[in-house]
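Report on one structure; see the data block that follows.
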Amino acid sequence: MVGLALALSASLCWGVADFIGGLQSRRLPLLVVILVSQASALAVLVLIVAVRAQGPPRAVHLLPAAAAGLAGMAGLMAFYRALAIGTMSIVAPIAATGVCVPVVVGIAGGERPATAQLAGILAAVIGVVLVSREPGAAPGRRELARASITLALVAALGFGSFAVGLRDSARYDVLWALVAARVPGVLALAVAFALVRPARPRFARAYVPLLVMGSLDLFANGLYAVATRHGLLSVIAVAASLYPLATVILARVVLGERVRRIQEVGIVAALAGIILIAAG
């Protein structure tokens, strides 16, 4: 129960952070949004580790987290771009289907998934297909919708890979695993920022939502990492992946987003698939 509660709390934090990130990505350059939010979260994390004054585990134990961090950062960039150009209520559930990745990794490692998990993967796939339908949409809008869905699928792969890699390193030390996961990604973003030189906000208050977003994301990652030590990965990963619910609700309440009936069916199918995977 402890692991499940932590995972659900992580999903709430991720969902709110993603909604904020989606809004900010529509107003500011993507590199600015991600670099500021992720760098600020890393600064807080490094401070916490320094105060704890406990050395890191062996470097080899942190390599999975470092690789996961790069995959997760790529997924995050794809996700926020998808949120910026697409419909949040559609993009978020598609990205959450990354929960299938831990299941596939488990199968490759010799695990035998339950029938419910296989049914869940099938439902998630059907959901993605249904939400991808844009009948009657204008050509320009249809192209943006397809691009956002493709980016959401890339995000799903990145998020699923992050979940697996972080789990492997968190066994040795949660905080150091989080540091190892963030440092490579933030460094890569800093290099890209220096090369691209995107426009920066003129007013300091524009950075506040980015700082809040980074803090929520960091807190969610910490909750998830601890949760993986108190429950089965299949259950924890799926519970944490319910974050689209918060994003969809906020998008409908705040932005007034509406989707077609067939897409609503697809959203329900995708979320049902996630729950079925957990039930397995």
Looking at (1) farther than 20 Å from residue 226 by Cα; (2) β-branched (Val, Ile, Thr); (3) surrounded by fewer than 17 Cβ atoms within 10 Å (Cβ to Cβ); (4) in contact (Cβ under 8 Å) with a residue 24 or more places away in the chain, can you tell me which one residue 2 breaks?
(1)
Can you tell me which residue within the stretch 228-259, out of those that are modelled with pLDDT of 75 or more and touching a Lys or Arg at 6+ places or on another chain (Cβ under 9 Å), is farthest from residue 152 (Cα to Cα)?
229
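What about residue 110, is it on the phi > 0 side of the Ramachandran plot and out of contact with any Gly (no Cβ under 7 Å at 6 or more places or on another chain)?
On the way: on the phi > 0 side of the Ramachandran plot: yes; out of contact with any Gly (no Cβ under 7 Å at 6 or more places or on another chain): yes.
Yes; evaluated as a whole, the condition is true for this residue.
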Out of the residues in the stretch 76-130 meeting the condition of being more than 21 Å from residue 269 (Cβ to Cβ) and outside any helix (DSSP H, G or I), tell me which one is modelled with the lowest pLDDT.
111
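Each row is one residue, and each column tells you yes or no for (1) at pLDDT below 85; (2) of a type outside the set (Asp, Glu); (3) farther than 19 Å from residue 44 by Cα; (4) assigned to a helix (DSSP H, G or I).
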| position | (1), (2), (3), (4) |
| --- | --- |
| 164 | yes, yes, yes, yes |
| 168 | yes, no, yes, yes |
| 172 | yes, yes, yes, no |
| 184 | no, yes, no, yes |
| 211 | no, yes, no, yes |
| 215 | no, yes, no, yes |
Taking the stretch 187-197 on its own, how many of its residues are surrounded by 14 or more Cβ atoms within 10 Å (Cβ to Cβ) and part of a loop (DSSP other than H, G, I, E, B)?
0
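Tell me which residues, restricted to the stretch 208-230, are more than 12 Å from residue 20 (Cβ to Cβ) and buried (at least 17 other Cβ atoms within 10 Å of the Cβ). Please lay out each step first, then the result.
Narrowing the stretch 208-230 to residues more than 12 Å from residue 20 (Cβ to Cβ): 218-230.
Listed by number, the residues that qualify are 218, 219, 220, 221, 222, 223, 224, 225, 226, 227, 228.
The values are calculated or read from the model by the stated rules, or taken from the named source; none is laboratory data. Keep in mind the model is a prediction, meaning the values are calculated, not measured. Please note: Cβ atoms are built from the backbone with ideal geometry, for glycine as well, and neighbour counts cover all protein chains shown.
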